[in-house]
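Visitor: I am attaching a structure below and will ask some questions about it afterwards.
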Amino acid sequence: KAVANVTTVSGSGAVSGLTGTFEEGVTVGGSVIITADKALTNVGAITSTGDLSVTGDTITLASANSTDPLVIIKNTTNDANGGRLRFVKDKGAAGAANDDVGIIEFYGDDANQDQVLFGRIRTRVAVHTNGQEGGKMQFAVASHDGELQAGLTIGDGDAEDEVDVTIG
(Lines give C-alpha, C1' and ligand atoms only; values in the text may rest on other atoms or scores of the structure.)
Protein backbone atom coordinates (compact mmCIF):
# COMPACT_ATOMS: atom_id res chain seq x y z
CA LYS A 1 0.00 0.00 0.00
CA ALA A 2 1.31 3.44 -0.88
CA VAL A 3 1.79 6.00 1.89
CA ALA A 4 1.63 9.70 1.03
CA ASN A 5 2.15 12.88 3.07
CA VAL A 6 2.90 10.99 6.26
CA THR A 7 5.61 12.11 8.70
CA THR A 8 5.11 9.50 11.42
CA VAL A 9 4.89 5.75 11.11
CA SER A 10 4.03 3.89 14.30
CA GLY A 11 3.30 0.39 15.42
CA SER A 12 5.33 -2.66 16.28
CA GLY A 13 7.52 -4.90 14.17
CA ALA A 14 9.33 -4.07 10.97
CA VAL A 15 8.44 -1.19 8.71
CA SER A 16 8.63 -2.17 5.06
CA GLY A 17 7.27 -1.29 1.67
CA LEU A 18 7.60 2.48 2.05
CA THR A 19 8.23 4.14 -1.29
CA GLY A 20 8.41 7.69 -2.55
CA THR A 21 10.25 10.84 -1.56
CA PHE A 22 10.63 11.55 2.13
CA GLU A 23 11.41 14.92 3.68
CA GLU A 24 12.99 15.79 7.02
CA GLY A 25 11.26 14.98 10.28
CA VAL A 26 10.04 11.48 9.39
CA THR A 27 9.82 9.38 12.54
CA VAL A 28 9.42 5.67 13.09
CA GLY A 29 8.49 4.46 16.55
CA GLY A 30 9.22 7.88 18.08
CA SER A 31 12.73 8.18 16.57
CA VAL A 32 13.55 10.62 13.80
CA ILE A 33 14.89 8.66 10.85
CA ILE A 34 15.31 11.51 8.34
CA THR A 35 16.96 14.63 9.74
CA ALA A 36 16.76 18.21 8.44
CA ASP A 37 19.86 17.66 6.28
CA LYS A 38 18.20 14.57 4.74
CA ALA A 39 20.46 12.18 6.67
CA LEU A 40 19.06 8.74 7.49
CA THR A 41 19.59 8.10 11.21
CA ASN A 42 18.55 5.69 13.97
CA VAL A 43 18.34 2.83 11.52
CA GLY A 44 19.71 -0.50 12.75
CA ALA A 45 19.90 -2.25 9.40
CA ILE A 46 18.99 -1.52 5.80
CA THR A 47 17.97 -4.49 3.67
CA SER A 48 17.41 -4.34 -0.06
CA THR A 49 15.93 -7.23 -2.03
CA GLY A 50 16.78 -5.67 -5.38
CA ASP A 51 19.63 -3.72 -6.92
CA LEU A 52 20.84 -0.87 -4.75
CA SER A 53 22.23 2.26 -6.38
CA VAL A 54 23.70 5.12 -4.39
CA THR A 55 24.70 8.39 -6.03
CA GLY A 56 27.16 10.49 -4.07
CA ASP A 57 30.83 11.24 -3.61
CA THR A 58 31.70 9.34 -0.43
CA ILE A 59 30.33 6.35 1.44
CA THR A 60 31.79 5.86 4.92
CA LEU A 61 31.41 2.73 7.04
CA ALA A 62 32.55 3.34 10.62
CA SER A 63 32.75 1.06 13.65
CA ALA A 64 34.32 1.26 17.11
CA ASN A 65 34.56 -2.56 17.27
CA SER A 66 37.87 -4.37 16.84
CA THR A 67 38.34 -5.82 13.32
CA ASP A 68 35.26 -3.93 12.04
CA PRO A 69 33.80 -2.64 9.78
CA LEU A 70 33.75 -5.66 7.54
CA VAL A 71 32.59 -5.59 3.93
CA ILE A 72 31.32 -8.94 2.63
CA ILE A 73 30.60 -9.72 -1.00
CA LYS A 74 28.71 -13.01 -0.86
CA ASN A 75 27.75 -15.24 -3.80
CA THR A 76 25.37 -18.06 -2.86
CA THR A 77 24.88 -19.58 -6.32
CA ASN A 78 25.70 -23.29 -6.59
CA ASP A 79 28.27 -23.05 -9.38
CA ALA A 80 32.01 -22.50 -9.86
CA ASN A 81 31.79 -18.69 -10.16
CA GLY A 82 32.41 -16.19 -7.36
CA GLY A 83 31.49 -12.63 -6.46
CA ARG A 84 33.18 -9.65 -8.10
CA LEU A 85 34.33 -6.18 -7.13
CA ARG A 86 34.41 -3.96 -10.20
CA PHE A 87 35.99 -0.55 -10.64
CA VAL A 88 34.71 1.27 -13.74
CA LYS A 89 36.31 4.38 -15.22
CA ASP A 90 33.94 5.84 -17.83
CA LYS A 91 35.03 9.37 -18.60
CA GLY A 92 32.48 9.82 -21.37
CA ALA A 93 35.31 10.31 -23.85
CA ALA A 94 38.17 8.32 -25.34
CA GLY A 95 40.51 6.79 -22.82
CA ALA A 96 44.14 7.83 -22.64
CA ALA A 97 47.41 6.35 -21.43
CA ASN A 98 47.92 6.78 -17.66
CA ASP A 99 44.19 7.14 -16.90
CA ASP A 100 43.60 5.71 -13.42
CA VAL A 101 41.08 2.86 -13.58
CA GLY A 102 40.91 2.12 -9.85
CA ILE A 103 42.85 2.82 -6.66
CA ILE A 104 42.76 1.13 -3.27
CA GLU A 105 44.46 3.21 -0.55
CA PHE A 106 45.52 2.13 2.93
CA TYR A 107 45.71 4.93 5.54
CA GLY A 108 46.71 4.72 9.19
CA ASP A 109 47.93 6.83 12.11
CA ASP A 110 51.58 7.69 12.53
CA ALA A 111 53.07 8.42 15.98
CA ASN A 112 51.67 11.97 15.79
CA GLN A 113 48.17 10.65 14.92
CA ASP A 114 48.49 12.08 11.40
CA GLN A 115 46.66 10.04 8.77
CA VAL A 116 49.37 8.70 6.47
CA LEU A 117 49.04 6.81 3.20
CA PHE A 118 50.99 3.61 4.00
CA GLY A 119 50.07 1.58 0.92
CA ARG A 120 48.27 1.73 -2.42
CA ILE A 121 47.19 -0.58 -5.21
CA ARG A 122 46.61 1.34 -8.44
CA THR A 123 45.57 0.16 -11.90
CA ARG A 124 46.08 2.39 -14.92
CA VAL A 125 45.63 2.29 -18.65
CA ALA A 126 49.08 1.62 -20.10
CA VAL A 127 48.12 1.46 -23.79
CA HIS A 128 44.74 2.82 -24.90
CA THR A 129 44.98 2.00 -28.64
CA ASN A 130 41.87 0.11 -29.78
CA GLY A 131 42.77 -3.56 -30.26
CA GLN A 132 46.10 -3.17 -28.45
CA GLU A 133 44.84 -2.29 -24.95
CA GLY A 134 47.25 -2.90 -22.10
CA GLY A 135 47.10 -2.27 -18.37
CA LYS A 136 49.48 -1.58 -15.52
CA MET A 137 48.98 -2.50 -11.85
CA GLN A 138 51.24 -1.06 -9.20
CA PHE A 139 51.64 -2.01 -5.55
CA ALA A 140 53.28 0.76 -3.51
CA VAL A 141 54.16 1.31 0.15
CA ALA A 142 55.44 4.23 2.19
CA SER A 143 59.23 4.13 2.23
CA HIS A 144 61.46 5.12 5.15
CA ASP A 145 60.56 8.83 4.86
CA GLY A 146 56.82 8.31 4.29
CA GLU A 147 56.89 8.80 0.53
CA LEU A 148 54.98 6.24 -1.49
CA GLN A 149 57.27 4.04 -3.60
CA ALA A 150 56.35 1.28 -6.05
CA GLY A 151 57.49 -2.13 -4.85
CA LEU A 152 55.84 -4.25 -7.52
CA THR A 153 54.63 -3.19 -10.96
CA ILE A 154 52.86 -5.57 -13.32
CA GLY A 155 52.35 -4.19 -16.79
CA ASP A 156 51.60 -4.72 -20.43
CA GLY A 157 54.55 -6.12 -22.35
CA ASP A 158 55.54 -5.22 -25.92
CA ALA A 159 54.29 -8.47 -27.48
CA GLU A 160 51.05 -10.47 -27.59
CA ASP A 161 50.32 -12.22 -24.24
CA GLU A 162 53.47 -10.75 -22.65
CA VAL A 163 53.33 -9.27 -19.15
CA ASP A 164 56.30 -7.52 -17.56
CA VAL A 165 56.99 -7.48 -13.81
CA THR A 166 59.22 -4.92 -12.11
CA ILE A 167 60.27 -5.41 -8.50
CA GLY A 168 61.42 -2.31 -6.63
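Visitor: How much length is gained on full extension from Thr49 to Glu162, taking 0.36 nm per residue of separation minus their Cα-Cα distance?
Guide: Working: separation 113, 0.36 × 113 = 40.68 nm, distance 4.30 nm.
Roughly 36.4 nm would be gained on extension.
Visitor: Between Val71 and Gln115, what length comes free when the chain is fully extended (0.36 nm per residue of separation minus the Cα-Cα distance, one decimal in nm)? Mind showing how you got there, number by number?
Guide: Working: separation 44, 0.36 × 44 = 15.84 nm, distance 2.16 nm.
My answer for the length gained is 13.7 nm.
Visitor: I'm checking a number: the convex hull volume of the Cα atoms of region 69-168, normalised per residue, in Å³. What is it? Provide the component values of the computation, followed by the final result.
Guide: Details: hull volume 18.0 nm³, N = 100.
Hull volume over Cα atoms, normalised by residue count, gives 180 Å³.
Visitor: Also, I was wondering about something else. Under the definition of Cα pairs under 8 Å and six or more residues apart, what whole-number percent is the relative contact order of region 68-150? Spell out each step's value before the answer.
Guide: Values: 122 pairs, mean separation 16.3, N = 83.
Reported relative contact order: 20 percent.
Visitor: Also, I was wondering about something else. Just the accessible area for Val165, please: 1.4 Å probe, Å², rounded to the nearest 10?
Guide: Accessible area, nearest 10 Å²: 90 Å².
Visitor: If you take the C-alpha gyration tensor of region 89-128, multiply each eigenvalue by 5 and take the square root, what semi-axes do you get, largest first, in whole Å? Intermediate results must be reported in sequence, preceding the final value.
Guide: Working: eigenvalues 188, 18, 8 Å².
Working from the Cα gyration tensor, I get semi-axes of 31, 9, 6 Å.
Visitor: Using the C-alpha atoms of region 117-168, what convex hull volume per residue, in cubic angstrom, is computed?
Guide: On the way: hull volume 3.5 nm³, N = 52.
Value for region 117-168: 68 Å³ per residue.
The values are calculated or read from the model by the stated rules, or taken from the named source; none is laboratory data. Not measured: the values here are computed from a predicted model. Please note that ligands, DNA and RNA were not included when accessible areas were found on the heavy atoms of the full protein model with its side chains. Shrake-Rupley method; radii C 1.70, N 1.55, O 1.52, S 1.80 Å.
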